[in-house]
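Below is one structure; the comments refer to it alone.
Here, each number is a calculation from the coordinates, and none is a lab measurement. Note that the structure is a prediction, hence the values are computed from the model and not measured. Here the Cβ is made from the backbone with ideal geometry for all residues, glycine too, and neighbour counts use every protein chain on show.
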Amino acid sequence: MFLLRQNERAHSLTWYKMAGRKALAKTPHFILKRWDTMNYWMGEGIFDSLQAALWAEGLRNFTGEPDLFCWEPESRKWFFAEAKGKDRLTQSERLWFDVCTQMLGPLADIRVYRVTPDRY
């Protein structure tokens, strides 16, 4: 989050449970606030359509979800970011990415960052 903010001027949020069920009484208020933020930056109806597509594929809560939802206030662009060290994408992450890409087409922007420690 810090590096994206510093290097790309991107704001971000995490733990957004996009494939959670909004109608469930146990959905915490902070998750609903995150969904409102995502809906604002994605544009009318895009959030709801992607969420419905994730549910239709059987994804729930955090399963496969990228680490961050990011937006650049000046350009109004948004994207998902996944950070990886030595590990690779999991099967559920690949499914989530595929659903997103199929649903959003050219609007889908999922960036995978290889995070390595600085060496001095």
Original post:
Which order do peptides 58-68, 81-91 fall in by mean Cβ count within 10 Å, highest first?
Top reply: 58-68, 81-91
**OP:** Calculate the length of the line joining the C-alpha centroid of the range 96-120 to that of the range 34-54, in whole Å.
**Re:** 17 Å
Original post:
Taking the Cα-to-Cβ direction at Lys33 and at Arg94 and moving 7 Å from each Cα, how far apart do the two end points lie in nm?
Top reply: 3.7 nm
Original post:
Add -39500 (n - 2.57) for each DSSP H run of 4 or more in the chain, then divide by its residues: what number comes out at 222 nm, to the nearest 500 deg cm²/dmol?
Top reply: -12000 deg cm²/dmol
